[in-house]
Amino acid sequence: MAPQLDITAYPGNVINNEFVPTSATRHSINPSTKEALYEVPVATKADVDLAVKHARKAFESWSKVPFAERARLLLDFADAIETHRESLEKLLVLEQGKPLGLAHTELDMSLQWLRAFSTMEVKDEVLDDNEERTVTQIFTPLGVCCGIVPWNWPVLLGLGKVGPALITGNTIVIKPSPFTPYCDLKLGEIGMGIFPPGVLQVLSGGDDLGPMLTEHPDIDKVTFTGSSETGKLVMQSCAKTLKRVTLELGGNDAAIICGDVDIPAIIPKIATLAFLNSGQICMLIKRLYVHESIYDEFRAALVAFSKGIKTGDGFAPDILVGPVQNAMQYEKVKNLYSEIEKCNWTQALEGEVLKNSKGFFITPAIIDNPPDDSRIVAEEPFGPILPILKWSDEDDVLRRANDTKAGLGASVWSKDLDRAERMARCLSAGSVWINSHFDVAPNIPFGGHKWSGIGREWGMMGLKSYCNSTSLWKWKKAM
Ligand code: NAD
């Protein structure tokens, strides 16, 4: 077996295939125990300038590397990550808090994504071809990209930017969240042995690092995943240098359950899709609309199942709900919990803030039919707390589902597939599922409507967003 990565050592930022140490360091904590993890670099403006300079230089040659060779290196990268996956999964649990099984899934997905991107070539498209002329749309890489990554899926969302950027011939600088810098730094370290210098670089830092990157005049594109509020700041900052931006932002997904569903069959799926990763996924079910004809039975079954969901340290067996990832998010979710009493919401399932535990643990709560304008319905909780709401009229529930600034995902659940599709087509969201929720794939565009984002990641549409489009007009008469 190949030697595993040393996950305890972070000698520097990954710049031009070298570790560049910083004078200051910082650490993040394990959210299950609040114990300090390892020291990581704190990048300065000089580090950003250095990384961007090398990325620019590397772009000159990397953009000319044939697709087949870029694809080969991406596959080599995936293989090298796979060699170290055991260490990375452990590190992911330590830094993010998610259960080990889910960390395993995140690595599975990340490898699948990288390998799929290696097969996705953005090809020329002939738009017009006649006796006189041919017009071809060609796609060339933008240049230096910057990927800003959130703390909930640092591996998948980091590599979900690296793959498309590199396969289309760009270079990329990755900036992880200060809450979860570890896996992304290690991915950069693994990449040092695969890619030419300057192609993939990783900078870890504090809260000021993001703006240093979005303001940088020599970065051509920022691909950002995070909250809608930060997304607006990113766009504002990028506007000054007209950078291309892709924004993957917050969600407040509705799931609409019709009266004809097979309740016992779908309850485990619905509960898991609400409480997975402690509710800290952009596209989980965050508002559950259940038809009035089955509301009581459905609620009872959902509560019975959810009572069995185990909350605890990600290394313990059978855990679905790990800790909330950080103190800031914990306070946010606790604040929402404090509304329960204040606003007289009924708890179908009583959640508990485990104040005596070592970590940021909160058990799942289900709020029974709160008013549509209550915070638990209007806001993205990003924690293990779910409102279940009653509906009777189809047009009205579609209006309620769409009555939000968010538009990331939505779903309709019914035995009547024609009806479900009719309803699904009325939902304003970047992904809409029938009898499912939160399906994603590397070859399918992913993104949001309204305040859930701008542009798309993944799929050919996502890959094209890492490219300039040139319409090449070729007149056939020799001049
Ligand atoms: P966040 O917006 O606080 O931070 C995201 C990233 O942006 C971090 O790396 C952070 O350091 C950086 N950042 C913070 N301020 C910045 C600034 N002014 N300029 C540039 N970068 C800055 O989000 P988070 O709390 O890490 O993640 C949770 C949010 O992300 C939720 O709203 C969730 O729905 C959303 N999210 C969306 C998707 C999606 O694909 N649509 C996926 C995961 C998470």
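In this structure, is I219 assigned by TED's automatic domain parsing to the domain that holds N30, under 19 Å from P176 (Cβ atoms), in a loop (DSSP other than H, G, I, E, B) and not aromatic (F, W, Y)? It would help to see each step written out before you state the result.
Values: assigned by TED's automatic domain parsing to the domain that holds N30: yes; under 19 Å from P176 (Cβ atoms): yes; in a loop (DSSP other than H, G, I, E, B): yes; not aromatic (F, W, Y): yes.
It is true that I219 is assigned by TED's automatic domain parsing to the domain that holds N30, under 19 Å from P176 (Cβ atoms), in a loop (DSSP other than H, G, I, E, B) and not aromatic (F, W, Y).
Contact map, the range 294-310: first residue assigned to a helix (DSSP H, G or I), second residue of a type in the set (D, E), Cβ cut-off under 8 Å, separation 6 or more or different chains; pairs are R299/D368. For the range 218-230, the candidate set comprises residues that are more than 7 Å from the ligand (Cβ to nearest atom) and not hydrophobic (A, V, I, L, M, F, W, C); within that set, the residue that is surrounded by the fewest Cβ atoms within 10 Å (Cβ to Cβ) is D218. Going by the conditions given, is L349 assigned by TED's automatic domain parsing to the domain that holds L320 and within 16 Å of the ligand (Cβ to nearest atom)? It is false that L349 is assigned by TED's automatic domain parsing to the domain that holds L320 and within 16 Å of the ligand (Cβ to nearest atom).
Test G206 against the criterion of being crowded, with 20+ Cβ neighbours inside 10 Å and outside the structural domain of S392 (by TED's automatic domain parsing), and give yes or no. Against the criterion (crowded, with 20+ Cβ neighbours inside 10 Å and outside the structural domain of S392 (by TED's automatic domain parsing)), G206 does not qualify.
Residue count for the range 228-251 under the criterion of being over 19 Å from F382 (Cα atoms) and assigned to a loop (DSSP other than H, G, I, E, B): the result is 4. Among the residues making up the range 40-77, those that are exposed (fewer than 15 other Cβ atoms within 10 Å of the Cβ) and more than 15 Å from V199 (Cβ to Cβ) are K45, A46, D49, A68. The combined condition, being closer than 28 Å to M461 by Cα, of a type in the set (A, V, I, L, M) and either out of contact with any Phe, Trp or Tyr (no Cβ under 8 Å at 6 or more places or on another chain) or within 15 Å of the ligand (Cβ to nearest atom) (or both), is not fulfilled by L209.
Of all the residues that make up the range 290-305, how many are within 27 Å of H104 (Cβ to Cβ) and surrounded by 21 or more Cβ atoms within 10 Å (Cβ to Cβ)?
At the first step, the residues of the range 290-305 found to be within 27 Å of H104 (Cβ to Cβ) are 302, 305.
Retained after the next criterion (residues that are surrounded by 21 or more Cβ atoms within 10 Å (Cβ to Cβ)): 302.
Final tally of qualifying residues: 1.
For the range 103-133, the set of residues classified as in contact (Cβ under 8 Å) with a residue 40 or more places away in the chain, basic (K, R) and not in a strand (DSSP E or B) consists of R115 only. Tallying residues that are surrounded by fewer than 14 Cβ atoms within 10 Å (Cβ to Cβ) and closer than 30 Å to G312 by Cβ within the range 109-133 yields 0.
This table checks each residue for (1) of a type in the set (F, W, Y); (2) closer than 24 Å to T346 by Cα.
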{"position": "I388", "(1), (2)": "no, yes"}
{"position": "L408", "(1), (2)": "no, no"}
{"position": "K415", "(1), (2)": "no, no"}
{"position": "R419", "(1), (2)": "no, no"}
{"position": "R422", "(1), (2)": "no, no"}
{"position": "R425", "(1), (2)": "no, no"}
{"position": "S428", "(1), (2)": "no, no"}
{"position": "W433", "(1), (2)": "yes, no"}
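Condition first: in a helix (DSSP H, G or I) and either within 14 Å of the ligand (Cβ to nearest atom) or in contact (Cβ under 8 Å) with a residue 24 or more places away in the chain (or both). Can you find one or more residues in the range 254-265 that meet it? Yes. In the range 420-443, the condition of being exposed (fewer than 15 other Cβ atoms within 10 Å of the Cβ), in contact (Cβ under 8 Å) with a residue 24 or more places away in the chain and among the charged types (D, E, K, R) is met by no residue.
Just a yes or no: is a residue in the range 332-352 assigned to a loop (DSSP other than H, G, I, E, B) and of a type in the set (V, I, T)? No, there is no match, as no residue in the range 332-352 is assigned to a loop (DSSP other than H, G, I, E, B) and of a type in the set (V, I, T). Among the residues of the range 231-254, count how many are over 20 Å from G169 (Cβ atoms) and buried (at least 21 other Cβ atoms within 10 Å of the Cβ). The number of residues fulfilling the criteria is 11. Cβ separations smaller than 7 Å between residues 6+ apart or across chains give the following pairs from the range 174-187 residues that are at pLDDT 95 or above and part of a helix (DSSP H, G or I) to residues that are more than 7 Å from the ligand (Cβ to nearest atom) and polar (S, T, N, Q): L185/S204. Of the residues A429, A410, A441, the single one that is within 16 Å of the ligand (Cβ to nearest atom) and in a strand (DSSP E or B) is A410. For K161, work out the one condition from (1) in contact with a strand residue (DSSP E or B) (Cβ under 9 Å, 6 or more places away or on another chain); (2) more than 19 Å from G447 (Cβ to Cβ) it doesn't fulfil. Failed condition: (2).
Does T136 meet the test of being assigned to a helix (DSSP H, G or I), of a type in the set (S, T, Y) and surrounded by fewer than 22 Cβ atoms within 10 Å (Cβ to Cβ)?
On the way: assigned to a helix (DSSP H, G or I): no; of a type in the set (S, T, Y): yes; surrounded by fewer than 22 Cβ atoms within 10 Å (Cβ to Cβ): yes.
No; evaluated as a whole, the condition is false for this residue.
Taken together, G314, G308, G279 contain a single residue that is crowded, with 22+ Cβ neighbours inside 10 Å and more than 19 Å from A254 (Cα to Cα), which is G314. Just for the range 280-293: of the residues that are assigned to a strand (DSSP E or B) and among the β-branched types (V, I, T), which one is nearest to the ligand (Cβ to nearest atom)? The residue in question is I285.
The values are calculated or read from the model by the stated rules, or taken from the named source; none is laboratory data. Given the structure is predicted, the values throughout are model-derived calculations rather than measurements. When we count neighbours, we look across all protein chains shown, and the Cβ atoms used for this are built from the backbone with ideal geometry, even at glycine.
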